[in-house]
Amino acid sequence: MSALPALTIAPADKTELDLTSIRADFPILRQRIHGKSLVYLDNAASVQKPKAVIDAISECYSGYYANIHRGVHLLSERSTMAYEGAREKVRAFLNAASTQEIIFTRNTTESINLVASSFGGSAVKAGDEIIITGMEHHSNIVPWQLLCDRTGAVLKVAPFTDAGELILEEYERLLNSGRVKLAAFVHISNALGTINPVKMMVDLAHARGVPTLVDGAQSVPHLTVDVQNLDCDFYAFSGHKLYGPSGVGVLYGKQALLDAMPPYQGGGDMISVVTFEKTEYADLPNKFEAGTPNIAGVIGMGAALDWLNAIGLDAVAAHEQQLLDYATAQLLEIPGLVIMGTARDKAALVAFTLQGVHPHDIGTILDREGIAIRAGHHCAQPVMQRYGVPATARASLAVYNSRDEVDALVKALWKVKELFA
Amino acid sequence: MNDLRDLYQEVILDHNKRPRNFRILPQPTHHADGVNPLCGDRISVFLDIDDGVIRDISFQGAGCAISSASASLMTEALKGKPVNEIDYLFDAFHTVVTTDAECPKGLGKLSVLAGVRDYPSRVKCATLAWHAVHAALEQHKQPVATE
């Protein structure tokens, strides 16, 4: 019997999401705002939480909560296991070499301040230079300005093009001064959506012996980050943009650097021996986690990672990219609408202005249609200055957003135009 | 749309599009900047005060429809008024945009901004220019902020 022709079976589309089931995971999405279905497009500011995260926090407080790392009793042991279990989940999520390299903080801002204060305070001297880019969030500008004020170091800013793409040659030129002690840059710009070529930027810095910090607040919910492959020295992000609770952040740091750095804050949990004469500090990661941390929050973030992993970041990214392309095309149909940030490599947000209408007014009118967007400077005033605008409107996407919601946004923007005609 | 029309009344949209007294006074007796750090709005006000009377008043800057229209309406309301009436008008205006109280007397056209009371996040927009006038009279060197 002759062989049957081989059947070509298309592999299951891994990028296909079950949007109905994903949306059902988010209790908040069921509510109505001003009588309209909620269309939540302010995800770059903070993302909504799936039930799995809400339940994990609730279970912690109702089932096994106690302080960690000190009790001999069962609840403390269980809380400690859950807390340290979340650290392992974060390690795996970033593919870090060790859980000792995962420090829990309050948020991205605190993670960056930790590095500026501890690493910067010990390694940066007068005349040294810190490089950032022109598209940083204030949280990756101000800590370095404070460090420069304290030490006499100088902040250097790598510029970007009109499209919102970093000018790599300028970044490289700044690295060549021989005085650079750290390059700190954003992975995905919250104001433009630009995905920076961070791997290349790390390599360029390392070629000159310069360590790097990556602000990953906007990137971890949208693309896979492998810190060993990236080879960055520090990576900072927040739980609340990653479907986890607010009040929890992460600093990844290479162990050798973290070992050499002095503590950031002093207190309980970060010591091994304290006398009034001298204190010996705890090993990593506890050295950088002074005081009782956000225990339930960290556990909630662990649950968020489980939830996200079950969907798969590749599928999330593919869905968001399709939605971004659709939203971009639909928005450009509106006369007078200008998109700010048109980098070739761009993540799930659209920042825009509408001729004759201030973004604040757009935000208010959209709110009455049940649509939540951000209007303002997005904590990135230098980016606004770069384009000569006081503010923009920004619609930012998450895994639970749909084409229907993009349509609702576009329809509401036509109403804005009508009102301001 | 109807409730939005309560906020964005025709008079407001008109003053936003064609702001009155939108210019720099060459030699003001008083001047100050007002900034709303939340949204980046910035308004400069200029006053020419002589013998306790506001002879001329103007503003410049970039802001949303509410802050622009409010500044424009304010300049119209204050021009020619004695300086010592500003506090009363500011208080009355503040009451209108922040409470459900009856519209105080003497506010005139300024009362079109009453719709702002249903939009608490926009109160700062409506009062920005007034804060700037206040700062100008106190001769603040730093821009006054609504935060």
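The values are calculated or read from the model by the stated rules, or taken from the named source; none is laboratory data. If you're wondering where the values come from, they're calculated on a predicted model, not measured in any experiment. Ideal geometry is used to build each Cβ from the backbone, glycine not excepted, and the neighbour counts take in all protein chains shown.
Computed values, structure above
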{"item": "The lone exception for B:GLY40 - which of (1) free of Cβ contacts under 8 Å to residues at least 40 places away in the same chain; (2) surrounded by fewer than 17 Cβ atoms within 10 Å (Cβ to Cβ) it fails", "result": "(2)"}
{"item": "From the options A:VAL225, A:VAL214, A:VAL186, A:VAL198, residue that is over 19 Å from A:MET135 (Cα atoms) and buried (at least 21 other Cβ atoms within 10 Å of the Cβ)", "result": "A:VAL225"}
{"item": "Leading residue by the ranking (modelled with the highest pLDDT) among those in region B:2-52 that are within 14 Å of chain A (Cβ to nearest Cβ) and within 20 Å of B:GLU138 (Cβ to Cβ)", "result": "B:SER44"}
{"item": "Within region B:1-33, tally of residues that are of a type outside the set (Phe, Trp, Tyr), closer than 21 Å to A:VAL357 by Cβ and outside any helix (DSSP H, G or I)", "result": "5"}
{"item": "Helices (runs of 4 or more DSSP H) enclosed by region A:315-421 - at least 2 residues per element that are crowded, with 24+ Cβ neighbours inside 10 Å, within 12 Å of chain B (Cβ to nearest Cβ) and over 22 Å from the mean Cα position of the chain (by Cα)", "result": "A:359-368"}
{"item": "Among the candidates A:ARG91, A:ARG87, A:ARG70, residue that is within 18 Å of A:ILE299 (Cα to Cα) and part of a loop (DSSP other than H, G, I, E, B)", "result": "A:ARG70"}
{"item": "Filter result (aliphatic (A, V, I, L, M) and within 10 Å of the chain's Cα centre (by Cα)) within region A:183-213", "result": "A:VAL186, A:ILE188"}
{"item": "Residue count, region B:83-97 (criterion: surrounded by 17 or more Cβ atoms within 10 Å (Cβ to Cβ) and free of Cβ contacts under 8 Å to residues at least 24 places away in the same chain)", "result": "4"}
{"item": "Check on A:VAL298, under 17 Å from the mean Cα position of the chain (by Cα), crowded, with 16+ Cβ neighbours inside 10 Å and outside the structural domain of A:TYR243 (by TED's automatic domain parsing)", "result": "no"}
{"item": "Failed condition for B:LEU128, given (1) in contact (Cβ under 8 Å) with a residue 12 or more places away in the chain; (2) away from chain A (no Cβ under 14 Å); (3) within 30 Å of B:ASP51 (Cα to Cα)", "result": "(2)"}
{"item": "Filter result for A:ALA44 (modelled with pLDDT of 95 or more and outside any helix (DSSP H, G or I))", "result": "yes"}
{"item": "Contacts under 7 angstrom Cβ, first residue in region B:131-142 being modelled with pLDDT under 95, partner in a helix (DSSP H, G or I) and of a type in the set (S, T, N, Q), 6 or more apart", "result": "none"}
{"item": "Filtered residues of region B:53-96 (kept if within 14 Å of chain A (Cβ to nearest Cβ) and more than 24 Å from B:PRO26 (Cα to Cα))", "result": "B:CYS64, B:ALA65, B:ILE66"}
{"item": "Any hit, region A:122-144, residues being in contact with an Asp or Glu (Cβ under 8 Å, 6 or more places away or on another chain), buried (at least 16 other Cβ atoms within 10 Å of the Cβ) and under 22 Å from A:PHE288 (Cα atoms)", "result": "yes"}
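This table checks each residue for (1) over 24 Å from B:ASN36 (Cβ atoms); (2) surrounded by fewer than 21 Cβ atoms within 10 Å (Cβ to Cβ); (3) hydrophobic (A, V, I, L, M, F, W, C).
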residue	(1), (2), (3)
B:ARG55	yes, yes, no
B:ALA62	no, yes, yes
B:SER67	no, no, no
B:ALA71	no, no, yes
B:GLU76	no, yes, no
B:LYS81	yes, yes, no
B:THR99	no, yes, no
B:LYS105	yes, yes, no
B:GLY108	yes, yes, no
